[in-house]
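Enquirer: Have a look at this one before I ask anything.
All of the numbers you see were taken from the coordinates with simple rules; none came from a lab. Nothing here was measured: the structure is a model prediction, and the numbers come from that model. Using ideal geometry, Cβ is built from the backbone for each residue, glycine included, and neighbour counts are taken over all protein chains shown.
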Amino acid sequence: MTVRGRLVIGLGTESVLETGLTLHHTYGTPVIPGTALKGLASHYCDQVWGQADAKSEFGREIEVLEDGKKRKRCGKYYEILFGTTEDAGHIIFHDAWILPECVSGDTRGLVLDVMTPHHADYYMAQPESAAPTDFDDPNPVTFLSVAGDFRVAVACDATGEAGKKWAERAMQLVTEALEHWGIGGKTNSGYGRMV
C-alpha cells in the first residue's frame, strides 16, 4: 500500500529529537507494527462493519447484565478475527515494512516535516493562560514523517480454503481502515491514509 501524503507513527515515543518515530530496531527503517494494524482493524470493524451489520456478527453489541451494568459483547465473526480475553484470534497481523526502493529514493522514505504551534501558552490549558492573540510567537517543531510504499500482510492460522477466506476478509478490513481512517498520529490532518 502507498502512503497518500505522509505517515507518522510513534510520535509520542522517546527519542533524541523532540518527537519520535517507529523504526525497526535492527535495520532502522520505518515500520508499522502489526499491533497497530490489529488495533486499527479492530476499531474499524467495531465502528463501521459492526454498525452496518444488523446482527452484529462483525461488530459488538451492548449486553445488559443482571446488575444493570452494560458491556460490549463481541460478535462471533469479531471473535474469530480478533479473539477475546479467553482465546486468541485466528488472524496474524504482520508488521508492515517499507519497501527497500522507498528508503533510498529522493522524495520518499524519511521526510522532514514541521508543525508550528502559534499559541503555546493557550494550548497548555493552564488556568492563568492568556487567550490567543496575533502577538504570540510561533514555535516551529520539526519531526520526521514517512512517505512511500509498505508491504501490508495478514495471515490466518487455519489451513485450507477456510483460512484463506478469513485472511482475505481480514485484509479487506485492514485495507478499508487504512484508506478511510489512516494509521498513526495526526490522522485528522490527513496523515496516515494509504491506498
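Enquirer: Can you put MET171, MET124 in order of Cβ neighbours within 10 angstrom, beginning with the fewest?
Expert: MET124, MET171
Enquirer: Something else now. Distance check, please: which entries in LYS38/LYS165; LYS165/LYS186; LYS38/LYS164 exceed 25 angstrom between their Cα atoms?
Expert: Beyond 25 Å between Cα atoms: LYS165/LYS186.
Enquirer: For the range 84-187, list log₁₀ I(q)/I(0) at each q in 0.12, 0.18, 0.19 Å⁻¹, using the Debye formula over Cα point scatterers of equal strength and ignoring solvent, two decimals each.
Expert: Rounded to two decimals, the profile gives -0.70, -0.97, -1.02.
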